[in-house]
Amino acid sequence: MDPVTLITEAKIPVGRTVADAFLWMQDSFIGFFDGLEYGLRQAITALSTALTLPHPLVLIAIFALITWVLQRRWVPVLIVSGCALFALNQGYWLLTMQTLTLVLGSCFVCMAVGVPLGIYSAHHPRFYRALTPVLDLMQTLPTFVYLIPVLVLFGLGMVPGLVATVIFAMPAAIRLTELGIRSTPTALSEAATAFGATTAQRIFKVELPWAFPQIMAGLNQTIMLSLSMVVIAGLVGAPGLGVPVVRALNSVNATLGFESGAVIVAVAIMLDRMLRVERKA
């Protein structure tokens, strides 16, 4: 028999095995996933209400104030205010706030899970070496592929968009946190240990302050990756700026597509300038 035929006939059932695993999870843990979906939906609704309830100009002023507190420079404040006013001017304010809900919610989950994992990985190199292929898979596997089981487990709406965004964006938070903790100068760690600091004290008082710019860079990358998932979220029924992009693609409407795309870019610039942190010399 031809070797190629022999190899192809002995096909490894990768797709079927994964599909069966997700069907088993759906049948065995349906209560857990229903409860998780309900909890995430309630949290998303509360965050969306907090962003859409205030007057747009009041919220823009709050964004400008947050930028000033973090940056202490007027240029980022003007850029953030200008980007927010642009979204309001184009008539996409409600969709922008819905997109911010998805981005902020996914970033909260990514940082809440990714930072502790990054700290643990920096102190346990073997664990990080074992985790690296998983992170590579999360970032390189096409999003439409793992969107299928997410839809099976959570249905349509904001929740599957949030879960898919978290899967795609979390590796950035883990990698940059691990890099920041690992790059802490040995002399600083040794000095803290010599003065009697415990492991927890060394982490919170030496390593985390040193790694703070890298952690914020991880947050920045998480935000950018989350924004890149806006269109994907629109395809699974999540409200936000992905909806007009999908509608423009289906109707070949260049005006709608470029308007919504420009607003997405403005949101990305606004969040980048607001949260950019650099280590001071």
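The values are calculated or read from the model by the stated rules, or taken from the named source; none is laboratory data. Keep in mind that what you see is a predicted model, and the values were worked out from it rather than measured. Here the Cβ is made from the backbone with ideal geometry for all residues, glycine too, and neighbour counts use every protein chain on show. Just so you know, the surface numbers come from the protein's heavy atoms only, side chains and all, with ligands and any DNA or RNA stripped out. Shrake-Rupley method; radii C 1.70, N 1.55, O 1.52, S 1.80 Å.
Can you give the accessible area per residue of the chain, in Å², using a 1.4 Å probe?
Dividing the accessible area of the chain by its residue count gives 55 Å².
Against the 2.2 N^0.38 Å scaling, with N counting residues, where does region 202-281 land? I'd like the Cα-based Rg ratio to two decimal places. Kindly include the intermediate steps, with their values, before the conclusion.
Values: Rg = 17.2 Å, N = 80, 2.2 N^0.38 = 11.6 Å.
Working it through for region 202-281, the quotient is 1.48.
Mind computing the radius of gyration and Dmax over the alpha-carbon atoms of region 39-157? Å is fine for both.
According to the Cα coordinates of region 39-157, Rg and Dmax are 18.6, 52 Å.
Could you grab the relative contact order for region 213-281? Cα pairs under 8 Å, six or more apart, rounded to a whole percent. Provide the component values of the computation, followed by the final result.
Working: 53 pairs, mean separation 25.1, N = 69.
Dividing the mean separation by the residue count of region 213-281 yields 36 percent.
Using a Gaussian network for the chain with springs between C-alpha atoms less than 10 Å apart, which of these wobbles most: A217, A112, A268?
Maximum among the listed residues: A112.
Report, in debye and to the nearest 20, how large the dipole of the chain comes out about its Cα centre when Lys and Arg carry +1 and Asp and Glu carry -1 on their Cβ.
900 debye
Which of Y38, S106, F63 sits farthest toward the positive end of the charge dipole of region 1-154, with +1 on the Cβ of Lys and Arg and -1 on the Cβ of Asp and Glu?
The residue sitting farthest along the positive end of the dipole is F63.
Give or take rounding to whole Å, what are the principal axis extents of the alpha carbon atoms in the chain, in descending order?
70, 58, 40
Using DSSP to call loops (not H, G, I, E or B), can you name the chymotrypsin sites (Phe, Trp or Tyr not before Pro) in region 173-281 whose Cβ has at most 12 other Cβ atoms within 10 angstrom?
Passing both the DSSP loop test and the Cβ count: F195.
How large is the helix-only mean residue ellipticity at 222 nm for the chain, computed as the sum of -39500 (n - 2.57) over DSSP H runs with n ≥ 4, divided by its residue count, in deg cm²/dmol to the nearest 500? Don't jump to the answer; show the numbers that get you there.
Values: 15 runs with 233 residues, N = 281.
Here the helix-only value at 222 nm equals -27500 deg cm²/dmol.
Sum up the charges of everything whose Cβ sits under 15 Å from the Cβ of R129, counting Lys and Arg as +1 and Asp and Glu as -1, but leave R129 out. Write out the running numbers ahead of the final one.
Details: positive: R126, R175, R182; negative: D136, E178.
Surrounding charge for R129 is +1.
P(r) for region 65-135: what percent of alpha-carbon pairs falls in each 5 Å bin, starting at zero?
Spelled out per bin, shortest first, that is 4, 13, 12, 14, 15, 12, 9, 11, 7, 2, 0.
Please identify the longest segment of the chain free of exposed trypsin sites (Lys or Arg not before Pro), where exposed means a DSSP state other than H, G, I, E or B and no more than 13 other Cβ atoms within 10 Å. Provide the component values of the computation, followed by the final result.
Details: sites that count: K11, R72, R73, R279, K280.
Between exposed loop sites, the widest span is 74-278.
Which whole-number percentage describes the relative contact order of the chain, with Cα contacts under 8 Å and a sequence gap of 6 or more?
So the answer I get is 25 percent.
Got the relative contact order for region 176-261 handy, in percent, Cα pairs under 8 Å and 6 or more residues apart?
Here the relative contact order equals 23 percent.
Hey, can you list the DSSP H helices of the chain whose Cα span along the axis is 27 Å or longer and whose average Kyte-Doolittle score is at least -1.0? Provide the component values of the computation, followed by the final result.
Working: long enough: 30-52 (32 Å, 0.64); 93-123 (44 Å, 1.42); 158-182 (35 Å, 1.34); 208-228 (29 Å, 0.81); 254-275 (31 Å, 1.50).
Passing helices, by number: 30-52, 93-123, 158-182, 208-228, 254-275.
Tell me the Kirkwood radius of region 22-75: reciprocal of the mean inverse pair distance over distinct alpha-carbon atoms, in Å.
Taking every pair of different Cα atoms in region 22-75, averaging 1/r and inverting gives 14.3 Å.
Give the residue from S28, C83, Y128 lying farthest towards the positive end of the charge dipole for region 1-136; charges sit on Cβ (+1 for Lys and Arg, -1 for Asp and Glu) and the dipole is referred to the Cα centre.
Highest projection toward the positive end goes to C83.
For the chain, set up a GNM with springs between Cα atoms under 10 Å and report which of A211, A169, A248 has the largest fluctuation.
A248
Calculate how large, on average over all directions, the projected area of the Cα convex hull of region 116-186 is; give the answer in nm² to one decimal.
5.2 nm²
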